[in-house]
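Working notes, beginning with the structure itself.
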Amino acid sequence: MGIKCLHISDMHLDSPFKNITTHYPDLMEQMKSATEKSVQSLVQKAIDEQVDIVLIVGDSFNSTKPNVRTQFFLKEQLEKLLAHHIHVVLCYGNHDYMGHQPLVNLPKDVYVLSSEVTQITLHTHSGEIVDIYGFSYDTNHVTERKITRYPIHQNMTHYAIGMLHGYLEGSQSKEGVYAPFSIQELNDKHYDYWALGHIHKRMLLQEQPPIIYSGNVQGLNRHETGEKGAVLVSLNKGKPTQIEWVNTSKIQWNKIDYTISKTHHFEQIITDISCIFETWESDKTYLVSITWHVHADVSPEILELLNTREMKESLNKKHVYVIKEENVLQDNSQKIMLNDDVLNVWEDIRERGVDESIYDEAMQSVFSQTKMRTLLPSLRSDEGLAETIIKRAINRLALALYKGGEE
Ligand SMILES: [Mn+2]
């Protein structure tokens, strides 16, 4: 008895991996099909687990006009679920809101929530009855507090599930503030489970009754780190809910922090990082961002190697690609406290700008290289470039000062 659901959200099918320029063509191929592979694994999981219902909580497509092949892909996956007598309930989110007549219709047996908060009542094979409440976006920006329109669940012999593609108020998530809600508002509805969508990070907001963001099915940029997939939920009246995170993404973004001090040999850095990679699953592909925390006494030879293609190639393994490196200065020996004096000097520098001759002097070594002189002679007089470089230098200095004062 009881009911079993697979809760999926934010598939963002047809979404490009943003800001990825890569020298690895085979990686690009893998990335193109990564989201669809994750979805296929989830459908297989639902079938293997014989779930009663698959809940799809918005942003299945990345846009309102996904390519036709992608639309057929989703249709096929949903048909597979239906063929295994699994109920499918789907709502649209801010990315795939119901704005256009789709070229490919979803299978007719899929329950699609309308733009008003509606109730759908389903019967499971074991004879349980489930009331599902939710709505679909009919426009990109739903800023209304839709939660106020969800009814309070009355029939305690039925299970109640809320589907909501929305923003938890007060959270620091970068996603848009659409259909905002508070935990209290959700609890006031007396539902057994809240299946949330919209935020790409998986989150258990409350254990009992469970309130969960399942997160997206595949990390799409370097900030979307960790395992991705869906959540399998078994509800049984009077018993604790069972929750299992399902991990299906085959490409995973990870972050590494590594501190380099004077005593480090270059080889040791490579060995240490490689050892971390060794602990990762070998049937996945990892895309890694490394932040080097660099002490002031690190040798210039090592500093020069960081963030170079050479470095990346030394670190790349068969299934691990270093996508981004970043240096953070970490000067313990000469901490500068960020007191009022420093701040005043700082403001002064900002207001005055940077003397042109300082820029020329600093860039001398770059611009005098033969390649630069012959191929890109105009860079020297490029004011936009100068401005960007100076801005970045100022920011780095500020960051270094700030970090020094913070610890
Ligand atoms: Mn969304």
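Descriptive notes on the structure:
- Over the chain, relative contact order from alpha-carbon pairs under 8 Å, at least 6 apart, %: 13
- Choice from 159, 133, 359 showing the highest fluctuation, given a GNM over the chain with Cα pairs closer than 10 Å: 359
- Paramagnetic label zone (point 7 Å from Cα along Cα-to-C-beta, residue 144; backbone N under 12 Å) in segment 173-214: 179
- Our Cα-only numbers for the chain put the radius of gyration and Dmax at 26.2, 81 Å.
- On full extension, the segment bounded by residue 26 and residue 362 gains 117.0 nm, given 0.36 nm per residue less the C-alpha separation.
- Accessible surface of the chain, 1.4 Å probe: 51 percent of it comes from carbon and sulfur atoms.
- Rg over Rh [alpha-carbon atoms, Kirkwood Rh] for segment 129-285: 1.11
- Estimated distance in nm for a label pair at residue 295 and residue 309, the labels positioned 7 Å out from Cα along Cα-to-Cβ: 3.3
- Beta bridges from DSSP with both residues in segment 56-136: antiparallel share about 60 percent, rounded to the nearest 5.
- Per-selection Rg to Rh, segment 87-143 - Cα, Kirkwood hydrodynamic radius: 1.03
- Gaussian network model of the chain, Cα within-10 Å springs - most flexible of 28, 372, 11: 372
- Segment 118-195-segment 8-80 distance, computed between alpha-carbon centres (Å): 23
- Exposure of residue 149 as accessible area (Å², to 10), given a probe of 1.4 Å and all protein chains: 140
- Residues of segment 53-91 with amide N under 20 Å of the 7 Å Cα→Cβ point at residue 100: 58-76, 91
- For the chain, the solvent-accessible area of protein heavy atoms averages 53 Å² per residue (probe radius 1.4 Å; ligands and nucleic acids excluded).
- Dipole magnitude for the chain: computed about the Cα centre from +1 point charges on Lys and Arg Cβ and -1 point charges on Asp and Glu Cβ, it is near 1080 debye.
- GNM flexibility winner over the chain from 306, 379, 82 (Cα, springs under 10 Å): 379
- Applied to segment 171-187, the Karplus parametrisation 6.51 cos²θ - 1.76 cosθ + 1.60 on θ = phi - 60° returns per-residue 3J(HN,Hα) values of 7, 9, 5, 7, 5, x, 7, 10, 6, x, 8, 10, 4, 4, 4, 5, 4 Hz, with x for Gly and Pro.
- Counted over the chain, the DSSP beta bridges are approximately 30% antiparallel.
- Segment 272-287 - phi-based ³J(HN,Hα) in whole Hz, Karplus 6.51/-1.76/1.60, Gly and Pro as x: 4, 5, 4, 5, 5, 4, 4, 7, 8, 4, 7, 8, 10, 10, 10, 10
The values are calculated or read from the model by the stated rules, or taken from the named source; none is laboratory data. On a predicted model such as this, the values are computed, not experimentally measured, just so you know. For neighbour counting, all protein chains shown are included, and Cβ atoms are generated from backbone atoms with ideal geometry for every residue, glycine included. Note: areas computed on protein heavy atoms with side chains; ligands, DNA, RNA excluded. Shrake-Rupley method; radii C 1.70, N 1.55, O 1.52, S 1.80 Å.
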